[in-house]
Amino acid sequence: MKILWLGHGGFRFEIEDQVVLVDPWITQNPMLTEDQYAAATQGATHILVTHGHFDHIADVVQVSKDTGAPVSGMVELAQYLHGQGAVEGAAFNMGGTIPIGDKASASLVPASHSSTADIDGVTQYMGSESGFVLRGEGHCIYFSGDTGLMADMDWIGDYFKPDIGILSAGGHYTMDMEMAAYAARRYFNFETLIPCHYRTFPALAQSAEKLQAGVPDGTKVIEPQVMRAIEI
């Protein structure tokens, strides 16, 4: 499996024989350079979206059109994106699980955030914010999406038992590094933990030092580098 950070909250997963993009913010992303755009999206087979904020969906429709990858996510958000021209994927809801190819899967789980989009100058609700649990190649990945610390992490950790965590940890809009470390200690037993939604803007954390200092023994924190594969 290869995990590539696209910067901010976006990721590319090469899992089983599939290429899954989650929240691929491409053209306006200050962490992703123009010469990286093609490699970030090449061969995409699926696009998953966590919520409706611009820094997560601004490029989804165009990437879907360019790659032919279907878009899946919370029913209201997915239906909106399909209506804008994205290839139709699954419009599902909390607790739902969809196949990703023949061997992998994605389950929709709660997050604690907000989910709106600016449509013709009007802020509109896009359904509940979410995270995902991805399973394949013998691994289980908890992708938190944008979220604060929440009690739902208790059952997510107990039920799915993810060995890989990807947690929003930049603070201001989501958990900060200390909160993400607390979540890792209290709710999960990660072997590998990757922070995201940080370093993009001055308001966000610029390093994961506090996360590294706070996780339990046995959890390896990997600070991702944009478009540099983490192989697991």
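Please work out if Ile194 is at pLDDT 95 or above, under 16 Å from the mean Cα position of the chain (by Cα), within 19 Å of Leu108 (Cα to Cα) and not basic (Lys, Arg). Quick ask: steps written out before the conclusion?
Values: at pLDDT 95 or above: yes; under 16 Å from the mean Cα position of the chain (by Cα): yes; within 19 Å of Leu108 (Cα to Cα): no; not basic (Lys, Arg): yes.
For Ile194, the condition - at pLDDT 95 or above, under 16 Å from the mean Cα position of the chain (by Cα), within 19 Å of Leu108 (Cα to Cα) and not basic (Lys, Arg) - is not met.
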Check your understanding: Considering only residues of the range 220-232 that are open to solvent by 20 Å² or more (accessible area, probe 1.4 Å) and outside any strand (DSSP E or B), which is modelled with the lowest pLDDT?
Key -> Ile232
Check your understanding: Is at least one residue of the range 81-97 surrounded by fewer than 16 Cβ atoms within 10 Å (Cβ to Cβ), β-branched (Val, Ile, Thr) and under 17 Å from the mean Cα position of the chain (by Cα)?
Key -> yes
**Study point:** Search result, residues across the range 130-165 that are out of contact with any helix residue (DSSP H, G or I) (no Cβ under 9 Å at 6 or more places or on another chain), in a loop (DSSP other than H, G, I, E, B) and touching a residue at least 40 places away in the same chain (Cβ under 8 Å)
**Key:** Glu137
Exercise for review: Please enumerate the residues belonging to the range 1-56 that are of a type in the set (D, E, K, R) and either surrounded by fewer than 22 Cβ atoms within 10 Å (Cβ to Cβ) or assigned to a strand (DSSP E or B) (or both).
Suggested key: Lys2, Arg12, Glu14, Glu16, Asp17, Glu34, Asp35, Asp55
**Study point:** Total residues in the range 108-143, condition of a type outside the set (Phe, Trp, Tyr), crowded, with 21+ Cβ neighbours inside 10 Å and within 15 Å of the chain's Cα centre (by Cα)
**Key:** 10
Check your understanding: Which one of the conditions (1) closer than 14 Å to Ser130 by Cβ; (2) free of Cβ contacts under 8 Å to residues at least 40 places away in the same chain; (3) open to solvent by 40 Å² or more (accessible area, probe 1.4 Å) does Glu76 fail to meet, given that it meets all the rest?
Key -> (2)
**Study point:** Residue in the range 166-179 that is farthest from Thr116 (Cα to Cα), counting only those that are outside any strand (DSSP E or B) and open to solvent by less than 10 Å² (accessible area, probe 1.4 Å)
**Key:** Met177
Practice item. Output the qualifying pairs, or none if there are none: Cβ atoms under 7 angstrom, residues six or more apart or on different chains, first residue in the range 204-220 and charged (D, E, K, R), second residue in a loop (DSSP other than H, G, I, E, B) and open to solvent by 90 Å² or more (accessible area, probe 1.4 Å). Key: Lys220/Glu191
Check your understanding: On the given criteria, is Asp152 among the charged types (D, E, K, R), more than 30 Å from Thr33 (Cα to Cα) and open to solvent by less than 80 Å² (accessible area, probe 1.4 Å)?
Key -> yes
Exercise for review: Look at the range 180-211 and say how many of its residues are within 20 Å of Phe11 (Cβ to Cβ) and surrounded by 17 or more Cβ atoms within 10 Å (Cβ to Cβ).
Suggested key: 18
Exercise for review: Can you run down the residue pairs with Cβ atoms below 6 Å, 6 or more apart or on separate chains, where the first is in the range 100-120 and within 15 Å of Val22 (Cβ to Cβ) and the partner is among the small types (Gly, Ala, Ser) and open to solvent by 10 Å² or more (accessible area, probe 1.4 Å)?
Suggested key: Leu108/Gly96
Review point. Residues in the range 45-86 that are β-branched (Val, Ile, Thr) and over 27 Å from Gly121 (Cβ atoms): how many?
Key: 2
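The values are calculated or read from the model by the stated rules, or taken from the named source; none is laboratory data. Quantities reported herein were computed from a predicted structural model and do not represent experimental measurements. We place every Cβ from the backbone using ideal geometry, glycine too, and count neighbours over all the protein chains shown. These area figures cover heavy atoms from the full protein model, side chains too; ligands, DNA and RNA do not enter into them. Shrake-Rupley method; radii C 1.70, N 1.55, O 1.52, S 1.80 Å.
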